[in-house]
Amino acid sequence: MIWIGAMFLVIIVFEWLSQRKAKVKRRDKWIVLGISVGLLLLSEVLFKLKDKWNVTMLFEFVGKSIDVWISG
Amino acid sequence: MQKSVSSTQIFSLYNLHIFTTVIAFLLGMLISSSHFSAPVATVIGAFLAVALVYPSYIVASSRPNEFLTEFGGELVGRGPHTIFILIIVLIKLLLSALNLREMSDFLLSIYLIDTPSWSVVLIFGICIAYAVRSGLSTIFRAAQGIFLISAIAFLMIPFLAMMEIEKDALIALASHLHFTDITHGVIYNLGMFGELAFLFLLYPYLKEPKKVMKTYFFTTLSSLIIILSHLIPVLLTFGVDLGSNLVYPDLELIRFIRAGSFIETLDPILILLWLTSIFVKISFLCFTAVICIAQLTGVKDYKSLSLPIVAFVGVLSIAMARSQQELSNFTAKNLSPFVLTAEYVIPAIYMIMYFIRRKKNKSKPAETKSAGS
């Protein structure tokens, strides 16, 4: 989990500096930062729960719920 | 907007996109669900997919110089449009992660035993991020560069395996056809060949948007020939029972081939082909997801989103399933409805709304005229 955080930190700093160098609008910089932080949090959650509640289980649950909803 | 993608490049990329995954990872699953009906199901599924991607072509070619992510809100309303694009992005990220996971599982289980999975994902992820950052024309050019070699090699392999085939079982491909088996196979193939529909998000990049349907048809035809040239030998060599229980049936088929004393088996060539083709496929899927998110959020330079999104795909590929078995079950049972929704249902909704709005716009001047007179 620490390595995921470290990887995203490197990416965020790299993107921030390259955007500053390219004189990108402040709004765009904050959007990219927001998306990066959002993906970091999502990655950490996914990694933390990978043995208990992973994406395949989530899709199975959603699929079954839709089946139940359709069949009433 | 630079129109940089030619019809030949679309043909090359989508060929790699379709036949690599089916041959590398889905043959066992296809045989397991469709048995000896698999070749027929593949043919029906492929051509049905070409017909069903037509709505996406209609919508995108109505404004070939604009991105669907930008004008889609005018067709279906801003809220639903955002939801639809997010669903497509989610499916694209999931497919990227799935392909990356399948590729890393394959390498780790056969060639890089005891290597940590994160190292394979990290190295591959760096290559993908670099390709995505370089842009769509680079990805398409890469596909064009490796397509010919890949296609020739993929077509050559079945001929080399000809000695192993049980020719007497050939009749089973016609005599063992079952409707249920065909239906299962058609659904798998609709998901695979339907990925052609995702091109509707990138029409402003295309040099000849009007020729897209023609390109789709020839792409489907050629990838179908390549898939069948592997599927039929696998079925005839291993039969249904063994073929459906092998994780990589095509690899096993190739291991049967003895090319000469200087090459023990031909499987290194197969790895070379799979890796390059899957690299192009994942790069394309990630690029589309990146550009959709950039357009949805109004970020002008999509490149700054490429690294975080590829990193997320890497983590997702590691965390998405606990085992190869769970991943296979997911691909076989739960993924198809979501993929089919993104490929066919969403473009169909856009097309219906496009026709409704066009009809309304046509009737408007007539109403104004009558009100004025």
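Taken together, the values in this text are just the output of simple stated rules run on the coordinates, not laboratory data. Just so you know, these numbers come straight off a predicted model, no measurement behind them. Cβ sites come from the backbone with ideal geometry, for glycine too, and all protein chains shown count toward neighbours.
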- Item | Positive-pole candidate from A:3, A:32, A:53, dipole of region A:2-71, charges at beta carbon | A:32
- Positive-end residue of B:331, B:67, B:257, charge dipole of region B:7-360 with Cβ unit charges: B:67
- Message: In the protein assembly as shown, if the dipole is taken from +1 on Lys/Arg beta carbons and -1 on Asp/Glu beta carbons about the Cα centre, which of B:302, B:321, B:154 is farthest to the positive end?
- Response: B:302
- Query: If the chain between residue B:155 and residue B:225 were fully stretched, how many nm would it gain, using 0.36 nm times the residue separation less the Cα-Cα distance?
  - Reply: 24.3 nm
- Does region B:16-143 come out rounded, prolate or oblate by the C-alpha gyration tensor, with a ≥ b ≥ c the root eigenvalues, rounded set by a/c under 1.5 and, if not, prolate when a/b is larger than b/c and oblate if not? oblate
- Note on the structure: Taking Cα atoms only, helix B:136-160 is inclined relative to the longest principal axis of chain B by an angle, in degrees rounded to 10, of 30 degrees
- Debye, to nearest 20: dipole size of the protein assembly as shown, +1 on Lys, Arg Cβ, -1 on Asp, Glu Cβ: 2560 debye
- Task: Give me B:103, B:213 ranked fewest to most by other Cβ atoms within 10 Å of their Cβ, as a rough exposure proxy.
- Result: B:213, B:103
- Query: Taking a quarter of the surface of the Cα convex hull of the protein assembly as shown, what do you get in nm²?
  - Reply: 25.8 nm²
- Message: Test of understanding: ordering B:237, B:115 by Cβ neighbours within 10 Å, fewest first, what list do you get?
- Response: B:115, B:237
- Counting other C-beta atoms within 10 Å, which of A:65, B:34 has the fewest, and how do the rest follow? A:65, B:34
- Message: Could you compute the longest span of chain B free of GluC sites (Glu not before Pro) located in DSSP loops and having at most 15 other Cβ atoms within 10 Å, not counting the site residues?
- Response: B:265-373
- Query: Please report, for the Cα atoms of chain B, the Rg to one decimal and the Dmax as a whole number; what are they, in angstrom?
  - Reply: 21.6, 90
- Taking the protein assembly as shown and counting helices only, DSSP H stretches of n ≥ 4 at -39,500 (n - 2.57) each over all residues, the nearest-500 ellipticity at 222 nm comes to -25500 deg cm²/dmol
- Query: Dipole of region A:2-71, Cα-centred, from +1 at each Lys and Arg C-beta and -1 at each Asp and Glu C-beta, to the nearest 20 debye?
  - Reply: 600 debye
- Query: If one puts a single equal scatterer on every Cα of region A:2-71 and applies the Debye formula without solvent, what log₁₀ I(q)/I(0) results at q = 0.13, 0.14, 0.16, 0.26 Å⁻¹?
  - Reply: -0.56, -0.61, -0.69, -1.07
- Message: So if I take the centroid of the Cα atoms in region A:18-72 and the same for region B:148-202, what is the distance between those two points in Å?
- Response: 34 Å
- Task: Work out which trypsin sites (Lys or Arg not before Pro) in chain B are exposed loop sites (DSSP not H, G, I, E or B, at most 14 other Cβ within 10 Å) and give the longest gap free of them.
- Result: B:1-206
- Query: R0 = 60 Å: FRET efficiency of residue B:179 with residue A:13, Cβ-based, nearest 0.05?
  - Reply: 0.55
